[in-house]
Each structure stands twice: as C-alpha cells, then as structure tokens.
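The values are calculated or read from the model by the stated rules, or taken from the named source; none is laboratory data. Given the structure is predicted, the values throughout are model-derived calculations rather than measurements. Cβ atoms come from the backbone with ideal geometry, glycine included; neighbour counts cover every protein chain shown.
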C-alpha cells in the first residue's frame, strides 16, 4: 500500500497545469515580442539623409545626453499614415523625433511628409533595412525610446494610437 | 419563433440532464432499482431535444434569419446554401451547440443500445454523461447562447470567414466532433465503472465498440481536416502543429492507446487501472483542447472566440470534471483488483509498449502545445513549432510503428524470441534491403524520412503477415480490421516520408509565356483572367503542364480569390493528382513589372498520407462490425464462461 500516492500523481499534475492556465487566462495579454536589445546601447550606424537638404541619422547623435524618440517608418506603409498625427503631437510637446525611412525614395518621402506632416528632426535612409534589423525591429512602423547615453529603453510595435500616447510619453520622461 | 423553440429545447434538454443525474444517483442507492427503467428514456429524450435545438439553429441559418445575432454576425443572404447550412457550426456558439448535441446524442445512444454493461454501471455511466452535459448546457445558456435575438434587425449579415467557405466545412467539423465528443462515452464508462468498482473483461467488451466508433470518426475527421488545410490554405503543407490540430490529435492518441489497452483487458483481463486512466485521459484531452481553442489563450487560425470569461467558465468545468474523475481514480482504483500477469515478450507486452510509446508522443504534443503558456507564466515568451514536434515525436513514432509491425505476430501471454524472429524474418530482410538501396540510390536523405520509408515498406509487409497461412474466408472480420488499419498506418507513413524526402518546390515571378520546371514537370504560365463566382471575384491563372519531354499536356487553374462579404483574399491552389504524386500550384500577387508570383510543388506520393488515414478508419470500421457480430453470437452471460474456459 506504500505506492498508493502514485494514484494521485495524475490529479496533482492536472492541478499544476490548471494553475498555469488560470494564470495565462488572467495575466495581462501582451503578445508583443520585445526587442532583445532593450537595455543595450544602440548599435553603431551612420545613415545618409533620406531626402536632399535634410540631416541624416547616425548613432553618435543619439548619445549626446538627451533622450530621443526614433520612429521607423516608410512612405509606402499605411499604418504610418495612421500614426502621423500622434507623432506630430509628440513633436509639439518638444520631444525630438528622429526618423528612419525604410526602403524609400526621396520623392515618395517628400510627398508623404507634405501630405501627413513632418515631425522629424532628422531622417536617415535605411535602403537595405540593415539598421532596422540591427535595432531588433521586424516591421514598420516601430518606435524606440532611447535615453541620453544611447541605451534603448522602450520599443513600441505597430502604429502609435491615441491610447498609446501616455505610454510613449512616460517612457520618454523615464529616460530623462 | 424558431429561435425561441430552439432555446426552449435547449433549456428542456438541460433540465432533463439534471433529472438524469438525480435519478441516476437515486437509482444507485440501495432500493433504488425501480428507478432504473426511467433513466434510459430520460437520456434518450435529452439527446432528442439537444438534436432538435441544433436543427432549429440550422433552420435559422438556412433562412438567414438576421434577427438572430449569431446569424447576422456569421451569415449573409448572398451566400451559397451549402455554406448557410454549414455556417451554423462555423462559429463559436454554433460549434459549441454541436459539441453539446453530440454529447447528448451519444448519451442517448448508450441508453438505447447498451445491453451488455451491468445495470448499475450503466446507470452510473449515464449519470456521469448527464453531469458533463449539465456543465456544457450551462456554458451555452449563460455564456454562449446561439439563439440571442438582435434588435434592430440589420439589413444584411456580416458573412462567413471565406477560409471556411469550402465544402470541407460541411463535413470536417461534424465528423471530428462525433469522435472528439463521442469519446466522452469512454470517460463516462470509466467513471461509472469506478463508482461500481466493476472493471473486468465484460466491462471492456462493452466499452470497446463505443471507443472504436468514436475513434473511427476522429480518424476520419483528422484525415479530412489535414487534406482540407492542405488544399485550402495554399501553403502546401499537410500538418502544421497548430494548437487546434494538436487539440484533435491528443484525444486521438489517447483513444488509440485506449483501443489497444481495452483489448488486453477484454481478452486477458490485464491493465485494469491503466485502461480506466486512458479512458479518462482521452476525453479530458478533448475538453482541454476545447478550452485551449475556445478561450483564445493560444493564438490559432481556428480560434474564432477570444473571450477570457468564456475561458474561465470552461476552466471551472475542467476543474470539476477532469479533477473529479482523477480524484475518483485516486480514491477508487486502488480497490480495483489487479488483473492477470503476462510475460514481457508477448502480445500483451507489445500492446503495453504501444501504450507507453503513444503516451510519450501524447506527452510530447501536450508539452509542446502548452509550453508557450507555461513559459509565459514564468516570464518568457516562446513559440513552439514543427522543429520541436518533428524531432521529439518523430523518432518515438518510428519505434512505435516498428513495434506495430511485430506485435500482431506475437502470441498472448508468452512467446519465444526465436519463433518471433522466424515470423518477422521476411519483412526485416526486406527492410534491410530497402534501407541499403535508399542509402545507395538516394544519398543525402535525412535520417527521419530515410527510416520512415524503410519502416513503411517493411511494416506494410509485416502488417499483412497475420493473414499468411490462414483460411482467409474464416479469418474473423476484426482480424481483417486490425490488418487493414495497421497497413493504413504504414501507407500513411510512406506518404509522409516521401513528401518530406522528395518534395520539389519552385518559387518564381513569371511573365505570361514563361515556362518553369518543378520536379519532372515543365509548367508554362499562359496568362491570367478575371472571373467571378457567386460571392467572390478572382484572378485565375492558366498554366499548361507536361511531364518530361513531350508528355501529355494538361491545364491547371489556380486562383487568387477576393470574397465580397466580408472582403478577404484567399488562395485557391490548383492540384493535379497523378498516380505517383501531386502537382500543386498557388498564385500570389503581381509586381509592378507585370510578373506574377507562382509557387509550384511536386509532391511524390503525398496522397498516400490521406489514403492511409482512410484505410486506418476503414480497418476500424471492419473491426467494429466484426466485434458487434461476434458479440451477438455469444450471449453476454455465456461470454464470461467462454473466457474462463479459454483461460
């Protein structure tokens, strides 16, 4: 009769399983995969200007003591049009926004900025998506908050909606 | 009024299940035998009422009654009638109603047909079935009512997910559910037997046809679902290890193990506790699968409802039913007497090995399916895909198939290794020759497909070996069933191994007039035309294909469809079936230079996968008919005596 406890093992395993499932059901649903680079310095890069007459973007300019918001976008990306007003609003608050234009053409970019507004301090042209991939970003749009020493503090995947504004601003304030 | 009639039928069925539970509990008390005769009709009436509610829902969908919320949300007046009909279960509420209907109808059939089970165990079984039903009726009525009215009535419905607008929807979910939920009968039998402590060969013989019946449907449902995904999704794959596929595979694995252990219990009175455990596990896997899919806790293409409150409801039901059954198991199974003993090298030994290996595969699939959930609770996000499942389950499955080839050639109780060697010599030598030939003629094959092909052929031959030297006319039907089902496994394995070893894939951006090679075929892209269907428009490509140099030419027309309600693009692959494989073509989008993306596959012998699945189900059917005929010849009372005489 000493092996009687074995009969209760299935029930025990099942209860443990239920515990995990109950947790999964009530844990805040967050299906975003965060970049593994959060908490690390931005990789070195030097992007040429996305359109003539505008400054490009290089990593040293992100390490000058002041936090930045870096927005990865493209003129061909529909959600980027949706988030344009929110970027404008961030810019009006005095938050510096640097753009990385992925696989874009100067004339398309100019058209996009003329139509949907231009909140960008600088725009780097990432023609082969190399910098985007090095930053740990998988798509457009994505937005990074980078602190004064060039360390990535926050990543937002997808378009910034009205509801996401508080999050972005809080991440920016925390990075100061 | 149709919706109200359906709702009333559902409420009545729910109250009957409550009545069935109380009557059953009262009938089990001393002196309650008089109630026995009422429980059967109540269970039958409950099944009829649930069926009626389901028919009402189908009627509402056929009429496109937009004053019913479910119809408005999932149907459309312009839809072809077949999809109106099948659309009744192409959504969360409707599929749950089908679930409950199958549960109630299965209980009704048990009440109507089961004559071999001892009365007390039968009553306990029906009470258990009613208890399960009660919880799921409550889930339907309080959290997923399919008959809710909508006011104001919309002018048009939202339409059905176009991926589901396929004849497969009419066939696959009901077949799958007959098996998936039908296996609840085994669960209730096990609970009933635990309550009356009456586990033995007579119980096993009574349970076996029910398990077989559910298992046949489950096999057919999974096979059909696999083929449906293969041609409808346009990805060229036949199994994706998607959580919902796994949710149907896990009960099938448990039911397959149960089918074999129940045979040991029926013929040799062994594996008593283990058989009860498997019967509990099989339907528990169905309920857990339902939970995983319906709660939206795992993301999947099949998950139409994402609602944590519904998830919580089913979670409570899981706790009550599975937890309850496992607690009863812990309490009672110790008092079930040990069955008889056997040698390791014996038919029983092979069946135990089969059970252990299937359980390992079940464990691998279960862990892989729920692992993301568990790591997320511990703080990391992970997704588990085919590399894990194939690497972890593949080798175990191959060992399992090898044992399957040898098992039926072993004698019950005790056998001799040298005699077994003589019986498997021919298939083993054949396997060795095939392996050698493959290594020499097709170098560079990966290990799993290589062993898979070898085993498929060797085991295919070994699986018909039980028929050698027998008078085929006098061979019982259930032996034929076993042989055909095992042959089906070998055939399916051959298809899987061939598909993974020899598939050729070409992805091109082609201009009209351009020719592409894939495997032994040359395919010329002739151009595209716009066409229109009842509720979709499409770009249809015309391609001409021929084999080698100057083979017979035939046309293939894959489509990129755009459904109008709701607007959704789908890909309709063109598939040409040859004796030795399939040519599979899907069309993608056009680029700015007027080139069209084409994806072409040549898949040698891929059809064997589904042919094998169908053979497995057909073998099950023969076995079921054979068992039922044998049972009718031997009256229940004399069966036990015969068993004793044989032992």
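Within region B:529-555, can you find the residues that are closer than 17 Å to residue B:570 by Cα, part of a strand (DSSP E or B) and in contact with a strand residue (DSSP E or B) (Cβ under 7 Å, 6 or more places away or on another chain)? Listed by number, the residues that qualify are B:529, B:530, B:531, B:536, B:537, B:538, B:539, B:540, B:541. Out of curiosity, is residue B:325 over 30 Å from residue B:420 (Cα atoms) and modelled with pLDDT of 90 or more? For residue B:325, the condition - over 30 Å from residue B:420 (Cα atoms) and modelled with pLDDT of 90 or more - is met. When residue B:234 is tested against (1) touching a helix residue (DSSP H, G or I) at 6+ places or on another chain (Cβ under 8 Å); (2) on the phi > 0 side of the Ramachandran plot, just one condition goes unmet, and that condition is (1). Only one of the listed residues (B:45, B:34, B:104) is more than 30 Å from residue B:563 (Cβ to Cβ), in the same structural domain as residue B:138 (by TED's automatic domain parsing) and either buried (at least 23 other Cβ atoms within 10 Å of the Cβ) or touching a strand residue (DSSP E or B) at 6+ places or on another chain (Cβ under 7 Å) (or both). That residue is B:104. Only a single criterion out of (1) surrounded by 19 or more Cβ atoms within 10 Å (Cβ to Cβ); (2) part of a loop (DSSP other than H, G, I, E, B) is not satisfied by residue A:66, namely (1).
Among the residues making up region B:372-395, those that are within 14 Å of chain A (Cβ to nearest Cβ) and part of a helix (DSSP H, G or I) are B:372, B:373, B:374, B:375, B:376, B:377.
Within region A:139-157, the set of residues being touching a residue at least 60 places away in the same chain (Cβ under 8 Å) and part of a loop (DSSP other than H, G, I, E, B) comprises A:140, A:141, A:147, A:148, A:149, A:150. Does residue B:559 satisfy being over 30 Å from residue B:81 (Cα atoms), touching a strand residue (DSSP E or B) at 6+ places or on another chain (Cβ under 8 Å) and at pLDDT 90 or above? In short, no. Evaluate the following for residue B:398: is it at pLDDT 90 or above, within 14 Å of chain A (Cβ to nearest Cβ), in contact with a helix residue (DSSP H, G or I) (Cβ under 8 Å, 6 or more places away or on another chain) and on the phi < 0 side of the Ramachandran plot? So residue B:398 does not fit the description; no. Count of region B:240-251 residues, restricted to those that are in contact (Cβ under 8 Å) with a residue 40 or more places away in the chain and assigned to a helix (DSSP H, G or I), is 8.
Table: residues versus (1) within 14 Å of another protein chain (Cβ to nearest Cβ); (2) modelled with pLDDT under 90; (3) out of contact with any helix residue (DSSP H, G or I) (no Cβ under 6 Å at 6 or more places or on another chain).
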{"residue": "A:21", "(1), (2), (3)": "yes, yes, yes"}
{"residue": "A:24", "(1), (2), (3)": "yes, yes, no"}
{"residue": "A:51", "(1), (2), (3)": "no, yes, no"}
{"residue": "A:60", "(1), (2), (3)": "no, yes, yes"}
{"residue": "A:73", "(1), (2), (3)": "no, no, no"}
{"residue": "A:88", "(1), (2), (3)": "no, no, yes"}
{"residue": "A:94", "(1), (2), (3)": "no, yes, yes"}
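Among the residues here, residue B:217 qualifies as more than 13 Å from chain A (Cβ to nearest Cβ), at pLDDT 85 or above and in contact with a helix residue (DSSP H, G or I) (Cβ under 7 Å, 6 or more places away or on another chain). Of everything listed in (1) part of a helix (DSSP H, G or I); (2) out of contact with any helix residue (DSSP H, G or I) (no Cβ under 7 Å at 6 or more places or on another chain), the single unmet condition for residue B:179 is (2).
Has region B:184-197 got any residue that is surrounded by fewer than 19 Cβ atoms within 10 Å (Cβ to Cβ) and at negative phi? No - not one qualifying residue is present in region B:184-197. The set of residues in region B:320-371 being more than 24 Å from residue B:130 (Cβ to Cβ), over 23 Å from the mean Cα position of the chain (by Cα) and within 10 Å of chain A (Cβ to nearest Cβ) consists of B:334 alone. Of the numbered criteria (1) surrounded by 20 or more Cβ atoms within 10 Å (Cβ to Cβ); (2) closer than 21 Å to residue A:102 by Cβ, the one residue A:164 fails is (1). Could you check, for region B:520-536, whether at least one of its residues is in contact (Cβ under 8 Å) with a residue 60 or more places away in the chain, under 27 Å from residue B:386 (Cβ atoms), in contact with a helix residue (DSSP H, G or I) (Cβ under 6 Å, 6 or more places away or on another chain) and surrounded by 15 or more Cβ atoms within 10 Å (Cβ to Cβ)? No, the conditions are met nowhere in region B:520-536. Taking region B:146-176 as the range and being part of a loop (DSSP other than H, G, I, E, B) and under 30 Å from residue B:113 (Cα atoms) as the test, no residue passes.
Evaluated against (1) facing chain A (nearest Cβ under 9 Å); (2) modelled with pLDDT of 75 or more; (3) within 20 Å of the chain's Cα centre (by Cα), residue B:282 falls short on exactly one condition, (1).
The single condition among (1) surrounded by fewer than 15 Cβ atoms within 10 Å (Cβ to Cβ); (2) touching a helix residue (DSSP H, G or I) at 6+ places or on another chain (Cβ under 7 Å) that residue B:419 does not satisfy is (2). Taken together, the residues in region B:296-319 that are within 29 Å of residue B:225 (Cα to Cα), at the interface with another protein chain (Cβ under 9 Å from one of its Cβ atoms) and either at pLDDT 85 or above or in a helix (DSSP H, G or I) (or both) amount to 5.
Considering only residues of region B:563-601 that are at pLDDT below 85 and surrounded by 15 or more Cβ atoms within 10 Å (Cβ to Cβ), which is nearest to residue B:492 (Cα to Cα)? The extreme case among them is B:571.
Residues checked against (1) free of Cβ contacts under 8 Å to residues at least 40 places away in the same chain; (2) part of a helix (DSSP H, G or I); (3) out of contact with any helix residue (DSSP H, G or I) (no Cβ under 6 Å at 6 or more places or on another chain):
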{"position": "B:77", "(1), (2), (3)": "no, no, yes"}
{"position": "B:88", "(1), (2), (3)": "yes, yes, no"}
{"position": "B:123", "(1), (2), (3)": "no, yes, no"}
{"position": "B:130", "(1), (2), (3)": "no, yes, no"}
{"position": "B:135", "(1), (2), (3)": "no, yes, no"}
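Here residue B:266 fits the description: more than 14 Å from every other protein chain (Cβ to nearest Cβ), over 29 Å from residue B:499 (Cβ atoms) and in a helix (DSSP H, G or I). Among the criteria (1) surrounded by 18 or more Cβ atoms within 10 Å (Cβ to Cβ); (2) without any contact (Cβ under 8 Å) to a residue 40 or more places away in the chain; (3) farther than 25 Å from residue B:259 by Cβ, the one residue B:451 does not fulfil is (2).
Scoring residue B:237 on the criteria (1) assigned to a helix (DSSP H, G or I); (2) free of Cβ contacts under 8 Å to residues at least 24 places away in the same chain; (3) surrounded by fewer than 19 Cβ atoms within 10 Å (Cβ to Cβ) leaves a single failure, condition (1).
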